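The values are calculated or read from the model by the stated rules, or taken from the named source; none is laboratory data. Note that the structure is a prediction, hence the values are computed from the model and not measured. A quick note on method: Cβ atoms are made from the backbone with ideal geometry, for glycine too, and the neighbour counts reach across all protein chains shown. Heavy atoms of the whole protein, side chains included, go into the accessibility calculation; ligands, DNA and RNA do not. Shrake-Rupley method; radii C 1.70, N 1.55, O 1.52, S 1.80 Å.
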Amino acid sequence: MKLILEKVKNGQMPPAKMPQPKPEDVAALTSWLTHQLAQMPDKITDSAASNSASSSAGRVTLRRLNRVEYNNTVRDLVGVDRHLADEFPQDDSGYGFDNIGDVLSLSPVLMEKYLAAAEKISRTAIFGVEPIKPTLVRLRSGERTYTPQLTPLTDYDLSGLSLTNAVHTTYRFPVDGEYVIRANLGGDRPAGSEAFQLSLWIDGELKQTIRVDPGNLASFGQLGEPQQLWGIRPEFRVTVPEGEHWIGVAIPRLYEGLPPRYNGPNPSKLPIPPWPKYKPPPDLTPKEIEERRLEHEKKGLETIPANSARVSFLELGGPYASNKGPATESQQKIYVCKHLNGHHSASCARKIVERLAHRAYRRPVSSSEVVQLTSLVTSVQKETGSFEEGLAVAIQAILMSPNFLFRVEKLPASTTASSRQLSQHELASRLSYFLWSSMPDDALLLAADKGKLARPDVLEAQVRRMLLDSKSQSLVDNFGGQWLQVRKLESVKPDGKRFPEFDEYLRLSMARETQVFFASIIREDRSILDFIDADYSYLNERLARFYKIPNVTGPEFRKVSFDPESHRGGLLTQASVLTISSYANRTSPVLRGKWVLENLVGAPPPPPPPDVPNLDEAKIGKTSSMREQLEQHRKNAICASCHSRMDPLGFGLENFDAIGAWRSKDGEFTIDSSGTLPDGNSFSGPQGLKAILKQKPDAFAECLTRKLMIYALGRGLEPADEDVVKEIVKSVSANNYRFSSLIMGIVESPAFQRRRGEKP
Amino acid sequence: MIITRKRLPRRTFLRGMGTMMALPMLDAMVPAFGSSRDVDLKTPSRIAFAYVPNGIVMKDWTPKTTGSNYEFTRILKPLESFRDDLMVLSNLDSNTGNALGDGPGDHARAGASFLTGVHCRKTAGADIRGGVSVDQVAATKFTGVTRFNSIELGCEDSRTVGDCDSGYSCAYTNSLSWRTPQTPMPPEVNPRAVFERLFGTAEDLSLDPETRARRFRYRKSILDLVTRDTQSLVKTLGPGDRRKLDEYLFSVREVEQRIQSAEKDPRRPAPGIDKPSGIPFEFPQYVKLMCDLQVLAFQSDLTRVATLVIGREGSNRVYPEIGIDDPHHPLTHHRNNPEWIEKVTRINTLHVEMFAYLLKRLKSTPEGEGTLLDHSLLVYGSGIADGNNHTHEALPVLLAGRGGGVKPGKHMVATQGTPITNLYLSLLDRIGVHQDTLGDSTGRFEL
């Protein structure tokens, strides 16, 4: 029945050539089907399940913290941000997300890692990071094709960051400390060039500049030969905080300080070394020698030597001079007895343990739980003479407890009721892991302790506060990264020959655009329709140049408004989305169409049959266009049933190549970006496609609602959730599609606030 | 390498907390890391499974004749020098990989059924259910005998986004090994992490013996404490949730065992190789490094059961090392395009070269009166035969080694309809684990 409902709603059935029903009949049929489906008993055989809408509460299986949640929770609990969970086995995902209760399993390997991590975290919190021996790491920027320029560009990135001779990479620094970043240079600078600069950028901020003067360094080459940079390795020494950071090393003002023959800005004032003397081979006649010498001199006057200075790779050494001792943040979170100087009284252990356990288990703790832990403190203290050692072991125990590792939602006391309201603490947990992928903070926990979340106005105020908190970035990274599938960007490898422009900096910049864009929609509570079409985005210089948007300089991301001719605006035109929905060597209208159907329309196509013939890739662009190749899909009726929905959407985006750059031709063929959908609507180009999608805002709202619900609830949706989805879409549409109305709709729904019972 | 018939008493060795012992171990010490209750003085048999995805070009795989003296086909050529240690087994099926009414999803099913013989439940998330895999059945025999019941290694990271095959959860494609129908055993893909797990981290090794012992004790106390916590928690939860806590408790017990075994015999084997710094960039180096680690683990008897996922089912890896820039999976849907078939054949051959490397390492490791290969049983294969059509019958399967008295050196063809699980039962017999059935088995496959 679900299938029938889908096909009728999408206008797929009846097929275009058959007589069509009236719109009101379609509406009647679809709403009847929806209602019937909601009434049907659940897949999970639970005879206690009631069919009334008020208890449309699902049941999510005990959810263990996934890797991201573990890292964030540990950071918020004891102020340790070492990302130890990055070493845990990868979390399996279900329904497109990696936080699904049923799918997250716990293997002995993971348990071993928990035990080791718990020890490290607790000891770091109490004693500070253990001494880490400095290591040397080589950071390459991946494959790059570097084409040296022979003439200076007039309009180029003066910071050097967007040029292909810079190196960009991310690195997770294990601890606050001093690090040495050694830039290994390569390439040549013309003879007679002045000294140049080398700049180090961290997270988009200029940190240090070094002067490099190859002319003054010992050279074994002859005068007049280019300055060879290979082997020159300037070092930056910087203090870097712990965590993952974006490092960039670039040569600013690349085309300045060059010899005058370049005709570049600010030419070198140094004397031009003479062209090297001609050295004749021994067996020539004097006449031949003179001829060759004249040729050589002439060549010297005409040649413009290449300026191919570049940073080849980086080496990173450290940490040096890292802070010893526990972080202030950790101390403040742990020593609630306020004795930060270490002179603890007898009651401190109990106070500290009780508060930590309360926060870690996300609920008040019983005295027997506290006593278990304080006995541990005492016995360790007896053995080692150190209160801090005892505390560290108690924290380790807390981090291993199932009450910490799992988000517990208890079976209701009475098993006759079909569902129950979640407790205040269970609700607070759901809320914080939904919006922050982390534990409730003190304010939220206090509200739960006092039972205040039962009041709708308090709940709403908390949600709004949490959305504005910087921790809501987790919603962007984790929900956004998986909904839009832009997490895939980490591992795409576009063909270097076809797309020489694709380098690490572009990859990082594309990813960041989508993140900043999404975060702005949350922060400014904008309409979710901005995802489909917006007249702005957030760009840095690299991306602006890539999109051919003028007047954007510098590596910071800032809001940029688009003219209609820019072809940009909304997710469908963002390089990140366009890249992950392409192959390494070409675009795929099918992949893109599928992406749109799955993630914006909520009508995913079924998988293809296994023996489907493939495209003749060699022909594309040469003897036939992509479009002609895909005609096969429309010719075969079986193929057409799905492809008539997918392909046109992808055609609408064909002007964007496999890394998201605008193009008007694909090889020899001018791109035809028009498309016709099964319901008869036709459009042209990305603007047209976006307009079509905007005609049905509720379809998008519903799609986004479903995905957010799966993420928030940690389970797939069941027929009983359909009414909830409908209600939420109604309220979103009544609120101008503002993002917060979507979140509020979910948080206030029975699906989020209640839990279905089961027979014990 | 001293080879004597006498069994050296363990006291001969320097006993102390944390002393290092150089490899390879004296075989007179066998079983050095085993439990003292293991009175089997014969060298222990190892069992391992290696998996390749997306099927194989069978016309270039299956030898034309049976018995001995068959000619090595193109894909099997890298194994020619191991003729006497190898068996090519044809015509084994994994019928549970078929749709059987569930529609598309052959890759998920192939991976989930290859070692289990069970038709996994089609779900994108709720109630995943596979089976118990043969390696885990073998692993239960060595509980408390070797430090690790089994190790799961992989050479491809799991997918981070989206569903993994037509409505099947990623749990099915990410793990080959399953401890229980609900608990997959995901492979470790970072060689550094594998190394640290087997041989210890830098921190472990830098601690003085007294502190290390104390830390072990604390870990045990903590595990006691959390076990009690769990038992009281379990009473307050419904049956669906209790299953998750069962996984938790099982894992706690496993880790407790490992700590106990480490305390009883605190010597740590010196690995003989440098700690890998991470995942090697080139595929052949990556796989070879994982093979090295597997050999080391067997050699120092840290475990006797291993699985190696050379490629995850549905793998889209590209192989620029052999000039192939097209992702693997789409290539295997070649629809008889000869260029594409050629590329797939080259990938298949590369994978076999990796297996040949593993065999070479095992064969060049002396042990007792033979080599480590003589005391091992290794299965290599895929849960899909024809990648183009997703067939699960007449799978490509190899058996290498002489563990448990197996006599290899021939090409055998199974009778029609023999499930691969029959082979597994026979292998389990050979290592001393006797089970009546496994998944869809119908009997034994006589070797």
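Scan the range B:428-447 residue by residue and report those that are farther than 15 Å from B:VAL88 by Cα and touching a residue at least 24 places away in the same chain (Cβ under 8 Å). Spell out the reasoning first.
Residues of the range B:428-447 farther than 15 Å from B:VAL88 by Cα: B:428-444.
Answer for the range B:428-447, where residues must be farther than 15 Å from B:VAL88 by Cα and touching a residue at least 24 places away in the same chain (Cβ under 8 Å): B:LEU428, B:ASP429, B:ARG430, B:ILE431, B:GLY432, B:VAL433, B:GLN435, B:LEU438, B:GLY439, B:ASP440, B:SER441, B:THR442.
Do we find a residue being of a type in the set (A, V, I, L, M, F, W, C), closer than 28 Å to A:LYS113 by Cβ and under 40 Å from the mean Cα position of the chain (by Cα) anywhere in the range A:370-377? Give the steps one after another, and end with the answer.
Taking the range A:370-377 as the starting set, the residues that turn out to be of a type in the set (A, V, I, L, M, F, W, C) are A:370-371, A:373, A:376-377.
Add one more test, that the residue is closer than 28 Å to A:LYS113 by Cβ, and what stays is A:370, A:373, A:376-377.
Still in the list and also under 40 Å from the mean Cα position of the chain (by Cα): A:370, A:373.
Yes - at least one qualifying residue is present in the range A:370-377.
If you go through the range A:54-81 and keep only what is within 11 Å of chain B (Cβ to nearest Cβ) and polar (S, T, N, Q), you end up with just A:THR61.
A Cβ distance below 8 Å, combined with a sequence gap of six or more or placement on separate chains, defines the contacts here; from the range B:333-348, residues that are within 12 Å of chain A (Cβ to nearest Cβ) reach residues that are among the aromatic types (Phe, Trp, Tyr) in the pairs B:HIS334/B:TRP340.
Within the range B:96-106, the residues that satisfy the criterion of being open to solvent by 10 Å² or more (accessible area, probe 1.4 Å) and under 13 Å from B:GLY167 (Cβ atoms) are B:ALA99, B:ASP102, B:GLY103, B:PRO104, B:ASP106. Once the range B:216-227 is narrowed to residues that are at the interface with chain A (Cβ under 7 Å from one of its Cβ atoms) and over 14 Å from A:PHE406 (Cα atoms), the residue that is surrounded by the most Cβ atoms within 10 Å (Cβ to Cβ) is B:ILE222. Return yes or no: is B:THR230 facing chain A (nearest Cβ under 8 Å), hydroxyl-bearing (Ser, Thr, Tyr) and without any contact (Cβ under 8 Å) to a residue 12 or more places away in the chain? No: the conditions fail for B:THR230.
In the set A:VAL463, A:VAL458, which member is touching a helix residue (DSSP H, G or I) at 6+ places or on another chain (Cβ under 6 Å) and either open to solvent by 10 Å² or more (accessible area, probe 1.4 Å) or within 14 Å of chain B (Cβ to nearest Cβ) (or both)? Spell out the reasoning first.
Working: A:VAL463 fails: either open to solvent by 10 Å² or more (accessible area, probe 1.4 Å) or within 14 Å of chain B (Cβ to nearest Cβ) (or both).
Criteria check complete, one pass: A:VAL458.
In the range B:375-395, the residues that are on the phi < 0 side of the Ramachandran plot and hydroxyl-bearing (Ser, Thr, Tyr) reach residues that are surrounded by fewer than 24 Cβ atoms within 10 Å (Cβ to Cβ) and modelled with pLDDT of 95 or more with C-beta atoms within less than 6 angstrom, at least six apart or across chains, in these pairs: B:TYR380/B:LEU398.
Figure legend. Inter-residue proximity from the range B:193-204: first residues touching a residue at least 60 places away in the same chain (Cβ under 8 Å), second residues open to solvent by 50 Å² or more (accessible area, probe 1.4 Å) and outside any helix (DSSP H, G or I), beta-carbon distance below 6 Å, spacing 6+ or different chains. Indicated pairs: B:PHE195/B:LYS275. Restricting the search to the range A:487-524, which residues are among the hydroxyl-bearing types (Ser, Thr, Tyr) and either open to solvent by 40 Å² or more (accessible area, probe 1.4 Å) or within 14 Å of another protein chain (Cβ to nearest Cβ) (or both)? Once the filter is applied, which keeps residues that are among the hydroxyl-bearing types (Ser, Thr, Tyr) and either open to solvent by 40 Å² or more (accessible area, probe 1.4 Å) or within 14 Å of another protein chain (Cβ to nearest Cβ) (or both), the range A:487-524 yields A:SER491, A:THR514.
Please specify each residue of the range A:95-139 satisfying the condition of being in a helix (DSSP H, G or I), within 9 Å of chain B (Cβ to nearest Cβ) and small (Gly, Ala, Ser).
Our first condition is that a residue be in a helix (DSSP H, G or I); within the range A:95-139, this holds for A:108-127.
Retained after the next criterion (residues that are within 9 Å of chain B (Cβ to nearest Cβ)): A:108-116, A:118-120.
Those that are in a helix (DSSP H, G or I), within 9 Å of chain B (Cβ to nearest Cβ) and small (Gly, Ala, Ser): A:ALA116, A:ALA118.
Within the range A:82-94, count every residue that is at the interface with chain B (Cβ under 7 Å from one of its Cβ atoms) and either at pLDDT 90 or above or surrounded by fewer than 23 Cβ atoms within 10 Å (Cβ to Cβ) (or both). Qualifying residue count, the range A:82-94: 2. The helices (runs of 4 or more DSSP H) found wholly in the range A:720-760 include none carrying at least 3 residues that are within 14 Å of chain B (Cβ to nearest Cβ), buried (at least 18 other Cβ atoms within 10 Å of the Cβ) and touching a Leu at 6+ places or on another chain (Cβ under 7 Å). Of the listed requirements (1) under 22 Å from A:LYS133 (Cα atoms); (2) facing another protein chain (nearest Cβ under 9 Å); (3) crowded, with 18+ Cβ neighbours inside 10 Å, B:ASP241 misses just one: (1).
Would you pick out the residues in the range A:540-559 that are over 20 Å from A:LEU578 (Cα atoms), part of a loop (DSSP other than H, G, I, E, B) and open to solvent by 70 Å² or more (accessible area, probe 1.4 Å)?
Answer for the range A:540-559, where residues must be over 20 Å from A:LEU578 (Cα atoms), part of a loop (DSSP other than H, G, I, E, B) and open to solvent by 70 Å² or more (accessible area, probe 1.4 Å): A:PRO550, A:ASN551, A:THR553, A:GLU556.
How many residues, within the range B:205-227, are small (Gly, Ala, Ser) and touching a residue at least 60 places away in the same chain (Cβ under 8 Å)?
Number satisfying all stated conditions: 1.
Residues that are of a type outside the set (Asp, Glu) and modelled with pLDDT under 90 within the range A:489-498 comprise A:SER491, A:VAL492, A:LYS493, A:PRO494, A:GLY496, A:LYS497, A:ARG498, listed in sequence order. Scanning the range B:250-299 for residues that are open to solvent by 60 Å² or more (accessible area, probe 1.4 Å), away from every other protein chain (no Cβ under 14 Å) and under 20 Å from the mean Cα position of the chain (by Cα) returns B:GLN285, B:LYS288. The residues in the range A:371-399 that are facing chain B (nearest Cβ under 10 Å) and either open to solvent by 40 Å² or more (accessible area, probe 1.4 Å) or not in a helix (DSSP H, G or I) (or both) can be counted, and the count is 5.
Quick check, is A:LEU411 touching a Leu at 6+ places or on another chain (Cβ under 8 Å), open to solvent by less than 60 Å² (accessible area, probe 1.4 Å), within 11 Å of chain B (Cβ to nearest Cβ) and at pLDDT below 85?
Working: touching a Leu at 6+ places or on another chain (Cβ under 8 Å): yes; open to solvent by less than 60 Å² (accessible area, probe 1.4 Å): yes; within 11 Å of chain B (Cβ to nearest Cβ): yes; at pLDDT below 85: yes.
When the stated conditions are applied, A:LEU411 passes them.
Going through (1) at pLDDT below 95; (2) within 25 Å of A:PRO604 (Cβ to Cβ) one by one, A:LEU708 falls short only on (1). Against the numbered list (1) part of a helix (DSSP H, G or I); (2) more than 26 Å from A:VAL353 (Cβ to Cβ), A:SER429 comes up short only at (2).
Do you know which residues across the range A:468-486 are open to solvent by 20 Å² or more (accessible area, probe 1.4 Å) and not small (Gly, Ala, Ser)? Spell out how you get there, then give the answer.
Let us first name the residues in the range A:468-486 that are open to solvent by 20 Å² or more (accessible area, probe 1.4 Å), namely A:468-471, A:473, A:477, A:485-486.
Correct list: A:LEU468, A:ASP469, A:LYS471, A:GLN473, A:ASP477, A:GLN485, A:VAL486.
Taking the criterion of being under 21 Å from the mean Cα position of the chain (by Cα) and polar (S, T, N, Q), the residues of the range B:119-137 that qualify are B:SER133, B:GLN136.
Can you go through B:THR332, B:THR303, B:THR307 and tell me which one is of a type in the set (Ser, Thr, Tyr) and out of contact with any strand residue (DSSP E or B) (no Cβ under 7 Å at 6 or more places or on another chain)? Can you show your working first?
On the way: B:THR303 fails: out of contact with any strand residue (DSSP E or B) (no Cβ under 7 Å at 6 or more places or on another chain); B:THR307 fails: out of contact with any strand residue (DSSP E or B) (no Cβ under 7 Å at 6 or more places or on another chain).
The match here is B:THR332.
Return the only residue of B:PRO191, B:PRO104, B:PRO181, B:PRO186 being touching a Leu at 6+ places or on another chain (Cβ under 6 Å) and of a type outside the set (A, V, I, L, M, F, W, C). Reasoning before the result, please.
Working: B:PRO104 fails: touching a Leu at 6+ places or on another chain (Cβ under 6 Å); B:PRO181 fails: touching a Leu at 6+ places or on another chain (Cβ under 6 Å); B:PRO186 fails: touching a Leu at 6+ places or on another chain (Cβ under 6 Å).
Unique residue meeting the criteria: B:PRO191.
Of all residues in the range B:302-320 being of a type in the set (D, E, K, R) and either outside any loop (DSSP other than H, G, I, E, B) or modelled with pLDDT of 90 or more (or both), which is surrounded by the most Cβ atoms within 10 Å (Cβ to Cβ)? Step by step, filter the range B:302-320, then rank; the result is B:GLU313.
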